[in-house]
1. Name the single residue that is surrounded by the most Cβ atoms within 10 Å (Cβ to Cβ) among those in region B:140-156 being at the interface with chain A (Cβ under 7 Å from one of its Cβ atoms) and touching a helix residue (DSSP H, G or I) at 6+ places or on another chain (Cβ under 9 Å).
2. Check B:SER50, B:SER33, B:SER41, B:SER78 and return the single one that is part of a helix (DSSP H, G or I), small (Gly, Ala, Ser) and under 27 Å from B:LEU108 (Cβ atoms).
3. Step by step: first the residues of region B:1-20, then only those that are in contact (Cβ under 8 Å) with a residue 60 or more places away in the chain and of a type in the set (A, V, I, L, M, F, W, C), then the one that is farthest from B:PRO157 (Cα to Cα). Which residue is that?
4. Condition (residue is in the same structural domain as B:ASP18 (by TED's automatic domain parsing), among the small types (Gly, Ala, Ser), crowded, with 23+ Cβ neighbours inside 10 Å and within 18 Å of the chain's Cα centre (by Cα)) applied to region B:79-94: is it met by at least one residue?
5. Quick one: in region B:34-61, which of the residues that are farther than 20 Å from B:VAL181 by Cβ and crowded, with 22+ Cβ neighbours inside 10 Å is nearest to the other protein chains (Cβ to nearest Cβ)?
6. Restricting attention to region B:197-217, does a residue exist that is within 14 Å of chain A (Cβ to nearest Cβ), farther than 25 Å from B:TYR46 by Cβ, outside any strand (DSSP E or B) and of a type outside the set (Gly, Ala, Ser)?
7. Please go through region B:259-293 and give me each residue that is closer than 22 Å to B:LEU131 by Cβ and in a helix (DSSP H, G or I), ordered by number.
8. Would you point out the residue of region B:95-110, among those that are aliphatic (A, V, I, L, M) and within 17 Å of the chain's Cα centre (by Cα), that is surrounded by the most Cβ atoms within 10 Å (Cβ to Cβ)?
Amino acid sequence: MNNDVHKLLRLKRHEHPTPDYFERFLDQFHERQRADLLQQPTLSLLWDRMVNAFPDFRVPRLAYASVAAAAIVLSTFILITQEDAAPVGQTFALNDLSPSINVLPSGRGDLRYPTSSQSEFPPHYVLEARPVSYESPYSF
Amino acid sequence: MVKAVETRIGAIFESSRDAVVRVEVNDQLGKVSGTGFFTDSSGLIYTLASLVGDGLGLKVIQGDRELSARLLAKDPRSGIALIKVDEVESTPFLLKGDCRDLRPSSGLVLVGFPYEHDVSPSFGLVGGFDLQLKGKFFTTTHIRANIPVQRGQGGSPVLNLDGEVVGVLVSSFEEGAGCYVLPIRAAEKVRHDYVRFGDVRHGWAGVTVRELPLPVQGSRVAIDLVDPTGPAASKFHTGDVILQVGEIEVHHPEDALDASFFLTAELPVDVRIARDGEIRTIPFLPGQHPSGRKSDLQALGPTSLTSP
């Protein structure tokens with residue numbers, strides 16, 4: 001068994017690739033590389049091309065933080081704007097009473113924006129009272 | 001046809017707009033604005049309980065006039081508040097109609113103050129009469145009106161096509177596409193209580209009812225439990241079938257709930273029942289509703305209301 005292995009190793013020592021082996025190897029490598037490129041997302045390809053076109057272009061680290069901060073500010077602004085435009089009250093929905101009848105508890109403090117300088121703000125326009133009861137319907 | 005309706009609505013609006021006022025409250029919590037309307041010539045106004053707060057900084061804007069007002073009473077169960085202006089000798093007011101004459105598809109006109117705009121009319125139809133919505137019960141039957149409403153119109157009068165007020169706008173649904181209207185009869189119960197007793201006195205019987213599988217004398221409502229400490233203890237028994245409470249006939253449990261809203265503490269009412277195959281009429285004196293005992297109901301200010 002050992003003699004067979006030694007013979008095989010001796011034969012391998014004398015084994016050499018054909019002269020065109022390395023040229024074909026390089027072609028095959030390039031083909032495989034192109035195939036991988038074609039499977040990348042388009043955005044990634046565009047980004048790579050842009051980076052290649054402008055080798056000096058680098059995204060500063062702080063740019064990511066700035067974009068994130070701008071997105072937060074914009075989202076907050078949109079949410080506040082929508083809140084102002086929304087109807088008063090817990091949409092009853094109170095969300096368990098949807099299709100969204102709007103209901104407010106009787107305490108008026110729940111109706112309004114707390115503020116100490118009222119004249120700076122427009123009035124809070126009231127539409128809702130308390131149409132439902134939480135009393136037991138069959139006990140009176 | 002459309003022109004005739006338009007003319008009618010225009011006439012109702014013109015004849016009622018002077019009796020509709022903007023109600024504003026400006027206190028330490030902020031500025032709130034809604035609608036109200038004169039219900040008599042003495043300056044008594046119906047508006048929303050959720051609007052008036054504690055009555056501080058309360059004012060009424062009628063046309064170009066700005067009048068100070070005071071809070072007389074507010075009732076969280078119905079959502080109605082009574083306020084009064086004293087600076088005027090006589091005020092225009094709306095006549096009251098009978099909301100029991102309304103039917104689904106009856107025409108309704110709402111007159112109120114949307115946002116900062118001037119008094120405006122809206123038109124719609126009665127969609128139905130609801131005592132509950134998705135399992136939550138109202139304190140009394142409300143008119144479901146297919147009238148588009150906007151913020152600021154809470155407390156607006158809703159009129160029939162005879163120009164009589166039949167209800168008060170108390171809530172919207174579906175983003176203001178429709179609204180719930182408290183029948184004027186329920187608002188009048190609050191006013192009558194105040195005039196008679198100086199506060200709002202919802203009554204309480206202390207019974208629990210159940211629905212019968214088959215009607216007895218036209219009613220499916222039987223007394224299931226009687227609170228031994230309540231006012232009904234000595235009057236009613238388990239198994240009594242309720243046929244009528246005051247003026248309200250009872251056919252379903254919802255009718256009994258509706259009738260209970262109109263009970264007034266310490267004010268006798270006749271209750272017609274079926275017991276052991278006989279029909280009996282029992283005089284009954286309701287007690288104070290638990291919400292009143294928790295001082296949830298409030299009466300404020302001097303009791304100098306002039307009854308119309």
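1. The extreme case among them is B:GLY154.
2. Checking each option against the conditions leaves just B:SER50.
3. B:VAL5
4. Yes: region B:79-94 contains one or more residues that are in the same structural domain as B:ASP18 (by TED's automatic domain parsing), among the small types (Gly, Ala, Ser), crowded, with 23+ Cβ neighbours inside 10 Å and within 18 Å of the chain's Cα centre (by Cα).
5. B:GLY53
6. Looking for residues that are within 14 Å of chain A (Cβ to nearest Cβ), farther than 25 Å from B:TYR46 by Cβ, outside any strand (DSSP E or B) and of a type outside the set (Gly, Ala, Ser), one finds none in region B:197-217, hence no.
7. B:ALA259, B:SER260, B:PHE261, B:PRO290, B:SER291, B:GLY292
8. My answer is B:LEU110.
The values are calculated or read from the model by the stated rules, or taken from the named source; none is laboratory data. These numbers come from a predicted model, not from an experiment. Here the Cβ is made from the backbone with ideal geometry for all residues, glycine too, and neighbour counts use every protein chain on show.
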